[in-house]
Each structure stands twice: as structure tokens, then as C-alpha cells.
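The values are calculated or read from the model by the stated rules, or taken from the named source; none is laboratory data. Small disclaimer: the values here were computed from a predicted structure and weren't measured. Here the Cβ is made from the backbone with ideal geometry for all residues, glycine too, and neighbour counts use every protein chain on show. Protein only, heavy atoms only, side chains kept; ligands, DNA and RNA dropped before computing areas. Shrake-Rupley method; radii C 1.70, N 1.55, O 1.52, S 1.80 Å.
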There are 2 protein chains.
Amino acid sequence: MTYAVALNLESGMVFAADTRTNAGLDNISQFRKLHHWNRPGERVLVLLTAGNLAVTQSVVSLLDEAIEEDDPGTPNLMNVASMYRAARLVGAAVREIRAVDGPSLEASAGFAASFILGGQIGNEPPRLFQIYAEGNFIESTIDTPYLQIGEHKYGKPILDRVTHAELSLGEAAKLILLSFDSTMRSNLSVGMPIDLLVYERNTLEATQFHRLDKDNEYFRRLSKSWSDALRSAVERMEEFEI
Amino acid sequence: MTYAVALNLESGMVFAADTRTNAGLDNISQFRKLHHWNRPGERVLVLLTAGNLAVTQSVVSLLDEAIEEDDPGTPNLMNVASMYRAARLVGAAVREIRAVDGPSLEASAGFAASFILGGQIGNEPPRLFQIYAEGNFIESTIDTPYLQIGEHKYGKPILDRVTHAELSLGEAAKLILLSFDSTMRSNLSVGMPIDLLVYERNTLEATQFHRLDKDNEYFRRLSKSWSDALRSAVERMEEFEI
């Protein structure tokens, strides 16, 4: 399984994905699910993937092939003029893979794939999209500035309560890591390392990429102090009167 | 959908279930999913239900019919000698309903039903079981003294972090209500009122039954102060350094 989440804030964007994949509980591997493309000063695009690894890797390969071909008459992630057009490209790639692999997958494991695409192109404000296995997509708004894919439930309550568009990037990264902590405690198929990409609005550069492994000191401290804080918060709540 | 949870502690047991059922988002009703049977001084049994309402109501009807028939040669919830035997009866009732309704349900909505059965009979210690749609079951142990059915994910992280067998009953009831608060914020198909039954070990009486509706003052205070405590706990955590 996968857990991936992204926030679109006034100060920029934060993206994170775990790196664990599994085919059954007895076949666990590590694969990158956070991909990014950057032409400094012009565009930054970040793609998070969840679902069948064969499908999501194929989608990324198609997107990369189009960039390498570099045909001015054919849209690709590095030449489209807007994030909306970039999301359309991801949707089209999913549909192409579905046309090839869909029938045999639907007869067995099912065709499962979902994506979060975010970034900034030129003078557009940063935009964040969630693309479904059907190839259609939604865009985050100020009401709900975060999107999640994969195992989203365990980590959602804390995002629901705390997220707002004015969070600083450091606060947002912390919040996302707390959301991962809750998820990894309850679902073994989501695991470290966590890939984290922080994008500062209007810089059009992706310089802040971090891979947090299980020995990461910050994450260990955060996880421990969060456990302590939650336990003491529960203790402080007024008891139910029997 | 449903959320139901029970804790088996040294001091006794706490059971809770919401009361919302839905057939689609546009057809929401209120049905009781917490059932109990009590012969003071001899036995207390509590059953929480989740899944197809038609199935779970039929299971309860079968269990009640056997009690009303009161045939000493036929086991029922009020004459079996142990909680294990009581769990077997629930399992047998599920299988009987599955034999009748399973084929047509599996051709459409699917046969979904799960149960938590807990209580105390005579000199046995209190015991807690989770019974599956297949009619088989597991029992809680000191390692994991709680069981959940239905929409369990949103409310699980807080239970995972805080539950231990030495909790007082008032603390346990509070913890369960916090778990409901997280669930109801994220899943509209789980809703108030919440039925709560607190059983004090070795009393063999079920006297503490509470229905908490949306205007319940305690729950409102709890929900509000929990939100505030979580937000301030997040704020106090060390920021991720960008």
C-alpha cells in the first residue's frame, strides 16, 4: 500500500510519500513514489503515485518518454502552459495504460491507480490536483488545501483539524509527518523512508528534497513527543462520569 | 455505515455504537446497534452489530427467539454456561441467516455483518469477542484489550496509543468517545446519538446505559477541548527545518 499527501499553502507546497510497496504481506520492497520535474525559473512539477506499481511506473515512463521526445507539436510536462494541462497529460497517460493493461488487471487484482500532481508553471499560482484511475481529476481549493491518496484514513483526522492555508512550510511538513506517524503505526504496508519535497512559492525551483529513513533523528523525536503529547492530552480531558 | 467499539479492562467493560444507518447517502435512519441481555446476579451480555441491517437484525431476532422459547435442551444466550458458548450461538445465528439470505445478497450488495459480543457469566471473568460474517470469532486479550467493527480506521490511532487494561471505566468511556469524535468528523455515515454501556466487573448487572445525542453537554465539551488540545499539541511540536 501507499500513503501520500500534499498541501497547497500560501507559502508554497509540501509533498510526501512513503516508499513501501507490497505484493502480499510477505513480499515487501522499496520504491520511490515521489517524482519531480524542474526547469529552474520556469516550472516545477511533483507527482505522487499510489496503486498498482506496474501501472504507476508505466504512467511515469510515458510522461518521461514524451519529455525526451521533445516534439514541440506534442504536449509534455515540460512544455504545457498550465498545471491544468499537465494534469490532463497525467490523466491521458493513465487512460493509455488502462487501455493496454486494464482488461487483464480487472480480471484479477483490479486496476488501481491514483495520483497527486502539484507544482507551478510560470506566472500561474501553484496548483494541486488529484487524478483518478479513470483519468479525470479534481483540484484542491482553499477550503481543503490538502489531498491524499492511498491509505488516507489513519492520517486524516489530524490534517482535518489543523490544516489551513496560512501554515508555514516548516509547520506543514511537521503536520504531514505527524499524519504519516499515525498511518505507519496502524498499517504495516506504509513504511519508511518517507520522501518529502518542500516547494517555496514563486521560486520555480525544487531544492528541498529530503528522504527521512527510520533512523532520522527529527522524525524519531517528533513521533515520541507526539505520543507523549497525545497521551497527556487524553489524560487532561474531563472523565466521563459513571 | 457503523462504528462500534468495546474495551475489556481490569475494572470492567465499556461498549459503544453509533445509531446511524444508511442505504446510500440520501437515505439515512436511526437504528439501535447496541443490544444487551441481563439477568442480575447471573449474567450480562452485550452485542454490538455492524453490516447489513437486515442481516444483523435477523441475527438478534434469532437470538431473542431462542431465549423466548426457553427450551432447556436448546442453548440460548440466557442459559449457556460461558461467554465462549454465547459467541458460538451468535456465530451459528449468522450462519443460519447467511444460508437463507447469503446467495441473493452476494449477487448484489454483498453479505456484510460483524459483531462484538462481550459480557460476564457467573464466575467467569468478563470476556470480549469479535464475530465475523463467516460465524467464526476471535477473543480480545490483554495485549489488545479493545475490538472495533465497522468504520474503524479514523478512531483507531487514539485507541492504539492510549488503551491499556488498567484504565478506569470513566477514562475508558472518555477514550471511546474521543475515538467516535475523530470518526464522526471524517465519515458522515457514522452519527449521533451514541449508545454507551458501561459494565463494572463482577456486578453482573447492566445499569449504566447512556444515549448521548448531539446536544449532550459532556460530548460537546469533550469534542471542543479535544480539538483545542490537538491543535495546541501540534503547535508545540518542533517544526521541520526547511
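The criterion of being assigned to a helix (DSSP H, G or I) and either closer than 22 Å to B:Ser29 by Cβ or facing chain A (nearest Cβ under 10 Å) (or both) does not hold for B:Arg211.
Do the conditions hold for B:Gly118, that is, is it more than 12 Å from chain A (Cβ to nearest Cβ), at pLDDT 95 or above and crowded, with 22+ Cβ neighbours inside 10 Å? Yes.
Looking at segment B:141-158 only, could you name the residues that are more than 10 Å from chain A (Cβ to nearest Cβ) and not β-branched (Val, Ile, Thr)?
Let us first name the residues in segment B:141-158 that are more than 10 Å from chain A (Cβ to nearest Cβ), namely B:141-150.
Hits for segment B:141-158 are B:Asp143, B:Pro145, B:Tyr146, B:Leu147, B:Gln148, B:Gly150.
Taking the conditions (1) at the interface with another protein chain (Cβ under 10 Å from one of its Cβ atoms); (2) outside any helix (DSSP H, G or I); (3) in contact (Cβ under 8 Å) with a residue 40 or more places away in the chain in turn, B:Glu239 satisfies each one other than (3). Criterion first (within 26 Å of A:Phe111 (Cα to Cα) and open to solvent by 50 Å² or more (accessible area, probe 1.4 Å)) does A:Ile67 satisfy it? Here the answer is no, as A:Ile67 does not meet what is asked. Screening the candidates B:Leu169, B:Leu204, B:Leu222, B:Leu230 for the property of being farther than 25 Å from A:Thr183 by Cβ and facing another protein chain (nearest Cβ under 10 Å) yields one hit, B:Leu169.
Applying the set (1) in a loop (DSSP other than H, G, I, E, B); (2) farther than 30 Å from B:Ile242 by Cα; (3) not β-branched (Val, Ile, Thr) to A:Glu68 leaves exactly one unmet item: (1). Does A:Ser223 meet the test of being among the small types (Gly, Ala, Ser) and at pLDDT 95 or above? Yes; evaluated as a whole, the condition is true for this residue.
Scan segment B:134-187 for residues that are open to solvent by 10 Å² or more (accessible area, probe 1.4 Å), in contact (Cβ under 8 Å) with a residue 60 or more places away in the chain and within 15 Å of the chain's Cα centre (by Cα) and report the count. Number of matching residues: 6.
Matching residues to (1) among the hydrophobic types (A, V, I, L, M, F, W, C); (2) in contact with a His (Cβ under 8 Å, 6 or more places away or on another chain); (3) free of Cβ contacts under 8 Å to residues at least 40 places away in the same chain:
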site	(1), (2), (3)
B:His36	no, no, no
B:Val44	yes, yes, no
B:Thr49	no, yes, no
B:Asp70	no, no, yes
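In segment A:188-201, of all residues being open to solvent by 10 Å² or more (accessible area, probe 1.4 Å) and under 17 Å from A:Leu7 (Cα atoms), the one that is nearest to the other protein chains (Cβ to nearest Cβ) corresponds to A:Glu200. Could you check, for segment B:16-26, whether at least one of its residues is acidic (Asp, Glu), in contact (Cβ under 8 Å) with a residue 12 or more places away in the chain and open to solvent by less than 60 Å² (accessible area, probe 1.4 Å)? The answer is yes, given that some residue of segment B:16-26 is acidic (Asp, Glu), in contact (Cβ under 8 Å) with a residue 12 or more places away in the chain and open to solvent by less than 60 Å² (accessible area, probe 1.4 Å).
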